[in-house]
Amino acid sequence: MALNAEFKKHLHSLMVEVSEKTSDERAQYKRERIWQAQQTHNGAAMPIAYSDAELHSIEVRVGKIIEKYIEAVDIWGYSIDAAFEKEMIQQFNMLAAGPNQLQFPPMLKGPTIPAVQSEFARARARLANRLVREGTNRLRELKMKKKQANQAASSITNNFHAPVGNAFINSSVIQTNNNFTITPQLLQDIDRISEGNQELQTAALELRNAQNQGVGILDKFLKWATLVNTVTGLADKVHQYHPQIEALILQARHLVS
């Protein structure tokens, strides 16, 4: 599955958001490093301070953007196949790319600057590779998590017409005639789906409380599922991106039919 235009637009918005939110932190770090270098009264310390500040800025900004990108993949419910993984890694590489030369203030001169420039280029390349590698690892962890969730959902669907009784279905749902339990992972997915809608959030909270108390879980889940259908486009999103929850809805309705 390739990244669609809407999702790419969302990723761009996340990039802008993180850049704005981290700008003060990055600027503060730069001011502190330059001030520390000034206190040494050593001209060689100033180019190093600018280099350190730039590397820190890249790590904070790009690292947090990649984290947001991976969160977005999870929230949007994408199935991570080889094509999707390749495109996301390309996004990581684009984020980590940039000039390998520092821009010093015109008044900053000295014999150490070429050496600082060379070391900065090497350090920047190492940092970019590390950020992309860490992002790729987190993406593959999410891929495995989704694969396991889909296998659990498939097991639920395959057992949909089985007689109701004491049964364990891949440890995802435990059901009897009087008991209906949802895994913590599915509860987290329900919370994410409910974000931005007060009624859904209230229903999700009631479901979580029922789960903790061990009573009324089926009724609270069906209430939440009914509210999903009242939000324009949300049922389609659940169908497309959350097959395990859709299977659970079908199963819950089957239990009360």
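Bear in mind these aren't lab numbers, they're just calculated from the coordinates by the rules spelled out. Treat the numbers as computed from the prediction; the structure is a model and nothing was measured. Ideal geometry is used to build each Cβ from the backbone, glycine not excepted, and the neighbour counts take in all protein chains shown.
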Item to check | Residue order, fewest to most beta carbons within 10 Å, for VAL228, VAL62 | outcome: VAL228, VAL62
Next on the checklist: Here are labelled values, (1) 17.5; (2) 14.7; (3) 13.4, and one is the computed mean projected area of the Cα convex hull in nm² for what I pasted. Which one?
Outcome noted: (1)
Next on the checklist: What FRET efficiency comes out for GLN117 versus LEU205 if R0 is 45 angstrom and r is the Cβ-Cβ distance? Round to the nearest 0.05.
Outcome noted: 0.25
Checklist entry - Can you list the lysines whose alpha carbon sits under 22 Å from that of LYS68, skipping same-chain ones fewer than 8 residues off? => result LYS8, LYS9, LYS21, LYS86, LYS143, LYS145, LYS146, LYS147, LYS237
Item to check | the chain, relative contact order in percent, only Cα pairs under 8 angstrom and at least six apart counted | outcome: 16 percent
Checklist entry - Ranking LEU255, LEU95 by Cβ neighbours within 10 Å, fewest first, what do you get? => result LEU255, LEU95
Checklist entry - Going by how many other Cβ atoms sit within 10 Å of their own, how do MET15, MET46, MET107 line up, fewest first? => result MET107, MET15, MET46
Checklist outcome for this item: Net charge (Lys, Arg +1; Asp, Glu -1) of residues whose beta-carbon lies under 11 Å from that of LYS21, LYS21 excluded, is 0
